[in-house]
1. Non-local amide H neighbours of Tyr145 (under 5 Å, H modeled in plane, Pro and chain starts lacking H): which ones?
2. Show which aspartates and glutamates lie in cross-link reach of Lys93 when reach means a straight Cα distance below 20 angstrom and same-chain residues fewer than eight apart are skipped.
3. Report, in listed order, any pair from Lys160/Lys196; Lys79/Lys196; Lys49/Lys74; Lys70/Lys111; Lys70/Lys160 with a Cα-Cα distance greater than 21 Å.
4. Around Ala193, which amide H atoms from residues at least 5 apart in sequence, or from another chain, sit under 5 Å from its own amide H, with H modelled in the peptide plane?
5. Cα convex hull of the stretch 45-86: how many Å³ per residue?
6. When each pair of different Cα atoms in the stretch 109-202 is counted once in the 1/r mean, what is the Kirkwood radius in angstroms, to one decimal?
Amino acid sequence: MPLPGAELAHIVRRREFVMKSKIRLISITGSLALAASALIASEATYFVKLERENLRSTPNGDRIGQLLQKAEVKVIEEKGDWCKVTVTAWIPKASLTTDPSTIQAAHRDEKPAGSGFFFSNVSISTGMLGTQCLGEMTNNSGRDYTLANFIVSVYDENDKLIETAYVIIGNFAKGAKKSFETLLINSQASQIASYKIQFENGL
């Protein structure tokens, strides 16, 4: 027996609704699968290819650190030519605090060399024997050193390492400030865009 027109139209509309719901469900499921796939892909492990690479707060933003060649990172987001990464690393517990108000800033002209040492008044100039690096080092490490060894590294405008040199300071008492100097044999002052001075070891 044929169905009345109104009832037939109702059945047709219901079937159309069910079909559209299935299509939307398939579309949502596909989108979720693609998102999950992208997320999994974005968490792959990568390694830094260059000798050193800058960490920045945002794409082309302020430099907040550096990674050395072969450093391991995980990419958690991509934006154009940039990747947001996470790094697993370790630092001494003594360098951390939960209360930033307890942090004592170094003198405005002083920069940290690590392990409680700070350098200041650094000048780099080229002379007859090579490029001379002069400065002052303060021992705020809390201990006396018979010998304290530091490494001076100089970089060009592309942050490429040009040369390294050693600085040795003897009889370095805690709280003392001493002058230092070293020669950079293979560098010209005009080549040097930045430098780093790091404590290496001591006795």
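1. For Tyr145, the qualifying residues are Phe172, Ala173, Lys174.
2. In chain and number order, the partners are Glu200.
3. Violating the 21 Å limit, Cα to Cα: Lys79/Lys196; Lys70/Lys111.
4. The list, which skips near neighbours in sequence, is Tyr155, Asp156, Glu157.
5. Looking at the stretch 45-86, the number lands at 69 Å³ per residue.
6. For the stretch 109-202, inverting the mean 1/r across all distinct Cα pairs yields 13.4 Å.
Read the figures in this text as sums done on the coordinates, not as results from a lab. The model shown is predicted, which means the values in this text are computed figures rather than measured ones.
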